[in-house]
Amino acid sequence: MSILLPSNPSYIQDDPVGRPSMLQRLTRGGVGKPKKSKTKSGNNAQPLHLKPIGRLDMMTEGLMIFTNDGQYARQLELPTNKLWRTYRARVHGRLTEGKLRAMRKGLTVRVNDNNNMFGGNGNKGKNGGGGGEDKKASGEVVNTGRLMKYKGIKVSIERKNLSHGRGRGGGGGTNTWLRITCTEGKNRQLRRILDALGLDVTRLIRVSYGDYDLNTIPPGMAVEVPCKGFEGMSKQGRLFARSSSKK
């Protein structure tokens, strides 16, 4: 069994301030509850244990998939299986051809896991990427954290809107909607990549995961769908042909 749920920002299992988690919302709506048994021995059915496939961070919206098959969930999450994850990202800042090429080629970003977007004592980047920077007592900024290598992602521009607000570095900027597809599911991957290129992520929505698509399902609605066999999925494998120059 698979369940599609277009989500608003929330935690999947445990919310640190006590708000209903994604799994709690599903259970309250009747998803995962055992069906009444018609046997003479009574209702011995156990509640379904739902497992999320491909988590989203707190500030990311869009498609969530839950399944009661742990092996199936692992198969879809394994990086070696190269399942496509597609997002729509609204970014603010100066987007150049050079930055698009860097995303398609892949890049290495310095991250600091001690600094996170939901709290912590360190400095953090605007998009929760950690920033990879710290300050000495003298005020000197030094690079900290570890280097994280990200593979190339497929990215295209959906539309641009001129903005008269103040972007990073001062002056006006542009709000751009990007369509991004990747085959990795590293923590805050897209936010860190875009932040490293000087782009502020103002909205991030996952629209598909493998052959599961968000389509027009309203936010907050859970839809039960048949499992799609991994071997038959079309949205997997290499993002670019071997001969592609990733321009």
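Every read-out reported here was derived from the displayed coordinates using simple, explicitly stated rules and does not represent laboratory data. Since this is a predicted model, take the numbers as computed values, not measurements. As a convention, Cβ positions derive from the backbone with ideal geometry for all residues, glycine included, and neighbour counts pool all protein chains shown.
Side notes on the structure shown:
- Local electrostatic count at Leu56 - Lys and Arg +1, Asp and Glu -1, tallied over other residues with Cβ under 12 Å: +3
- Here the spin labels are modelled as points 7 Å beyond Cα on the Cα-Cβ line, and at Ile217 and Lys151 they lie 2.5 nm apart.
- Geometric extent, Cα atoms of the stretch 173-214 - Rg, Dmax (angstrom): 11.5, 35
- Entries of Lys151/Lys235; Lys51/Lys154; Lys149/Lys186; Lys51/Lys149; Lys186/Lys228; Lys82/Lys151 with Cα pairs more than 21 Å apart: Lys51/Lys154; Lys51/Lys149; Lys186/Lys228
- Around the amide H of Tyr212, modelled in the peptide plane, lies no amide H under 5 Å away from a residue 5 or more places distant or on another chain.
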